[in-house]
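The values are calculated or read from the model by the stated rules, or taken from the named source; none is laboratory data. Here the structure is a predicted model, which means the values were calculated and not measured. Counting neighbours? That spans all protein chains shown, and the Cβs are built from the backbone with ideal geometry, glycine included. Areas reflect the complete protein model, heavy atoms only, side chains present, ligands, DNA and RNA absent. Shrake-Rupley method; radii C 1.70, N 1.55, O 1.52, S 1.80 Å.
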Amino acid sequence: MKKIISLTINDQSHEIAVEPNITLADMLRYELALTGTKKGCDTGDCGACTVIMDGDVVNSCLVLAIQANGSVIETIEGLSTDEGLSPLQEAFVEKGAIQCGFCSPGIIMSAKNLLDKNPNPTEDQIREGVSGNLCRCTGYQKIFEAIESQRS
Amino acid sequence: MLLPMFEFHEPLSIEEALELKKKLGQNARILAGGTDLLVHLKKKLVKTDNLISLSRIKALSLITEQKDSIFIGACATMAQISRSPVIAKKFTALKSGCDNLGNHLIRNRATIGGNACNASPAGDTLPALLIYDSVALLESYGKKREIPIADFFTGPGKSCIQPDEILTGFRLPIPTDHSGAHYIQLGKRKSSEINVVNVASFLEYDPGTKKVITTRIALGSVAATPIRAARAEAALLGQAPEEASFFAAAEMARREDCRPIDDFRGTAGYRQAMVGVLTKRTLATAYERAKGA
């Protein structure tokens, strides 16, 4: 049976009727057309579906939409403004941290959350901060450099 | 992957959850962090008509310090336990376990109660729960029981929890002065990995006689459940805390206490050898910490 949940996504409030077996990732993609959040493995291994939920990064494929009732969610779509990409996104472009781009939204959300909590992370903290996000193209070094360039 | 259809229950109190569990029994699964259960449901390894989510019950995610012990709610997440100052100060081996489970995304959702109820022999917090002599707090409608953690696990994926019961948390006695502990997990890579061997050790020594007066050693991934290394503990008790006695205890753990199997993560022989190495290393670090405590 569908239940109406209310939540804030990228500063906009939403009221949505969801079935209990729909994940947050599927709700974002299929109910709200926020397809920036990717689905890779759907089992919490790859991190492509990373979003920020109430200030912490989570695999949105392992959160039921109904569990996000009342939560504040940030997705990749919330980062850019009318002026363009966010500085972190620009850094990914400039440093060549993007190839196929499938992992990028998840990695950028992890990196954003890391930098929000700790504006000046060490090398180890950067690597730890994206350790749940897999990339099959770049070999991670350019991703690391992009995040490193955004340290304050 | 689609999740099968189920009824979703979101009780706001433990009482409400216990009533539901009494009514639904084996027809309901408890949902905590969901990092295992939702995967098992998607892969159709688990079937259920009802999910009872505990995440809205605030009392279950508390970490509170009492006089001689701490209470960790079953729904406390790995990230939350790692951040707790009392855990960082007095339960270093548990903090290491929480720091190393899965990856940074999983740790924001995965709970200690879930790790225990999932009862994987390789569970990252389980050796630490064993060496701190934790007590599992179980409740059913109108009834409570306390189970020493050493009696909690009954097989791979199995625990002593009854169908009408809910694990509400753990009570861990605060370690005494002159004690220390350490945990090491060995995997193929650092992140998002299931352990090949994981070992935690605790020791307390008498600064007067310079002898080990309490020790608990727990081995993961080398038996059907996480286990205490009884013979290694007996070998170390009453000995001087020094390399030779740590080595002797590690040899007992390796030869007598562990019963590993071959699988795609490693051979039984390799696991056995690593039990020796990690037991010795965790004891040595535990003693260093005991001296500093």
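Please work out if residue B:84 is over 28 Å from residue A:23 (Cβ atoms), under 17 Å from the mean Cα position of the chain (by Cα) and of a type outside the set (A, V, I, L, M, F, W, C). So residue B:84 fits the description; yes.
Restricting to region A:47-61, name every residue that is part of a strand (DSSP E or B) and facing chain B (nearest Cβ under 7 Å). Scanning region A:47-61 gives A:50, A:56, A:57, A:58, A:59.
Here residue A:97 clears all of (1) in the same structural domain as residue A:133 (by TED's automatic domain parsing); (2) surrounded by fewer than 22 Cβ atoms within 10 Å (Cβ to Cβ) except the condition numbered (2).
Within region B:104-125, how many residues turn out to be aliphatic (A, V, I, L, M), away from chain A (no Cβ under 14 Å) and closer than 30 Å to residue A:52 by Cβ?
Qualifying residue count for the region: 3.
Only one of (1) surrounded by 15 or more Cβ atoms within 10 Å (Cβ to Cβ); (2) within 13 Å of another protein chain (Cβ to nearest Cβ); (3) not charged (D, E, K, R) fails for residue A:92. Which number is that? Looking at each condition in turn, residue A:92 falls short on (2). With respect to being of a type in the set (Ser, Thr, Tyr) and within 17 Å of residue B:96 (Cβ to Cβ), residue B:267 falls outside the description. Somewhere in region B:37-45, is a residue surrounded by 15 or more Cβ atoms within 10 Å (Cβ to Cβ) and under 26 Å from residue B:135 (Cα atoms)? Taking every residue of region B:37-45 in turn, at least one turns out to be surrounded by 15 or more Cβ atoms within 10 Å (Cβ to Cβ) and under 26 Å from residue B:135 (Cα atoms). Listed by position, the strands (runs of 3 or more DSSP E) contained in region B:2-103 that have at least 3 residues being within 14 Å of chain A (Cβ to nearest Cβ) and at pLDDT 95 or above are B:7-9, B:28-31, B:50-53.
Could you list, in sequence order, the residues of region B:122-150 that are charged (D, E, K, R), open to solvent by less than 20 Å² (accessible area, probe 1.4 Å) and under 17 Å from residue B:171 (Cβ atoms)? Spell out the reasoning first.
Taking region B:122-150 first, the residues charged (D, E, K, R) are B:124, B:133, B:139, B:143-146.
Then drop every residue that is not open to solvent by less than 20 Å² (accessible area, probe 1.4 Å), which leaves B:124.
If the condition is that a residue be charged (D, E, K, R), open to solvent by less than 20 Å² (accessible area, probe 1.4 Å) and under 17 Å from residue B:171 (Cβ atoms), then no residue fits.
Taken together, A:36, A:44, A:78 contain a single residue that is at the interface with another protein chain (Cβ under 10 Å from one of its Cβ atoms) and either within 13 Å of the chain's Cα centre (by Cα) or open to solvent by less than 30 Å² (accessible area, probe 1.4 Å) (or both), which is A:44.
Is it the case that some residue within region B:97-111 is open to solvent by 50 Å² or more (accessible area, probe 1.4 Å), more than 24 Å from residue A:68 (Cβ to Cβ) and not assigned by TED's automatic domain parsing to the domain that holds residue B:222?
In the first step, residues of region B:97-111 are kept if they are open to solvent by 50 Å² or more (accessible area, probe 1.4 Å); the result is B:99.
Pick out the ones that are also more than 24 Å from residue A:68 (Cβ to Cβ) and you get B:99.
Going one step further and asking which of them are not assigned by TED's automatic domain parsing to the domain that holds residue B:222, we end up with B:99.
Yes, region B:97-111 contains at least one residue that is open to solvent by 50 Å² or more (accessible area, probe 1.4 Å), more than 24 Å from residue A:68 (Cβ to Cβ) and not assigned by TED's automatic domain parsing to the domain that holds residue B:222.
Scanning region A:62-75 for residues that are more than 8 Å from chain B (Cβ to nearest Cβ) and part of a helix (DSSP H, G or I), we see that the one that is nearest to residue B:5 (Cα to Cα) is A:65.
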